[in-house]
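Before any comments, here is the structure.
Please treat every number below as a calculation from the coordinates, not as lab data. Note that the coordinates shown come from a computational prediction; the quantities given were computed from them, not determined experimentally. Glycine gets a Cβ as well: all are built from the backbone with ideal geometry, and neighbour counts include every protein chain shown.
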Amino acid sequence: MKGYAIIITFALYCFISLSLAEEVEEVTARLQKKYDTLESFSAAFTQTLINKALNQIREEGGILYMKRDGMMRWEYQYPEEKLFVSDGMTIYWYLPEEKMVQTMKLTEMEGEQTPVLFLAGKGNLKRDFIVEPLPPGSTPPEGSYQLVLTPRRGGESYQKLILEVDPQTYQVRKMVLLDLIGNISEYSFSNIKENLKLPESFFQFNIPKGVEVFPIR
């Protein structure tokens with residue numbers, strides 16, 4: 001009887017593992033299709049940065065706008081005003097209080113497989129990541145899917161990415177990045193509005209006079 005119990009337990013484990021794998025495959029495919037076809041969206045966002053070494057937590061937030069082909073506009077409203085803009089070719093990071101603008105080519109950001117590019121229709125989950133379910137014993141928030149993503153290529157600035165996905169709309173509600181030394185960056189999205197009419201000019205940035213310009217390194 002003990003032998004039968006072991007066989008049944010093993011069979012049940014294989015069945016559960018297969019079911020999880022199939023669910024992850026389906027959720028990944030639906031999520032990819034969602035952001036491949038989404039023309040644009042806006043959302044309120046909260047960004048929480050947890051510095052493990054210094055035992056510090058910093059929270060920022062505001063409104064973001066995304067449009068296909070890598071166009072983004074993150075308007076930080078608190079605790080200080082900042083602006084992160086991509087016109088699809090160049091990224092601008094404007095810090096008004098410091099009178100400084102940092103710039104980077106979008107292709108350089110793409111090379112890092114930066115997760116936010118997926119939201120702007122310029123990422124591929126199965127190509128860029130190993131996609132897995134939560135580890136055994138972990139429970140996702142009720143009414144959501146969670147996927148654990150590990151970058152396929154080395155040299156990334158983070159080791160894991162967790163996506164929390166709405167099971168009805170397949171909108172990404174939360175992104176959690178774990179960096180190489182254990183720090184955590186968490187992005188939560190709410191009040192999501194899809195397929196807005198956002199002109200490309202909305203994502204253009206004119207460098208103000210009197211500010212210093214530096215490349216992002």
Net charge (Lys, Arg +1; Asp, Glu -1) of residues whose beta-carbon lies under 11 Å from that of Gln204, Gln204 excluded, is -1
Neighbour-count ranking for Met89, Met104, Met66, Met71 (other C-beta within 10 angstrom, fewest to most) reads Met89, Met104, Met71, Met66
Of 166-172, 26-32, 120-126, ordering from highest average Cβ density within 10 Å down gives 120-126, 26-32, 166-172
Any residue on another chain or 5+ positions along whose placed amide H is under 5 Å from the amide H of Phe129 is listed here as Arg152
Excluding residues fewer than 8 positions from Lys67 in its own chain, the aspartates and glutamates with Cα under 15 Å of it are Asp36, Glu39, Glu75, Asp87, Glu194, Glu200
Over all pairs of different Cα atoms in the stretch 2-215, the reciprocal of the mean inverse distance gives a Kirkwood radius in Å of 18.9
Row for the stretch 140-217, column shape: gyration tensor on C-alpha, a ≥ b ≥ c, rounded if a/c < 1.5 i.e. under 1.5, prolate if a/b over b/c, else oblate; value oblate
Residue separation between Asp179 and Arg127 times 0.36 nm, minus their alpha-carbon distance, gives in nm 16.7 nm
Treating every alpha carbon of the stretch 41-128 as one equal point scatterer without solvent, the Debye formula yields log10 I(q)/I(0) values at q = 0.14, 0.23 Å⁻¹ of -0.56, -1.22
Of the listed links Lys34/Lys99; Lys99/Lys126; Lys174/Lys197, those spanning more than 32 angstrom between alpha carbons are Lys34/Lys99; Lys99/Lys126
1/(1 + (r/R0)^6) with r = Cβ-Cβ of Met100 and Glu22, R0 = 45 Å, i.e. FRET efficiency to nearest 0.05, evaluates to 0.35
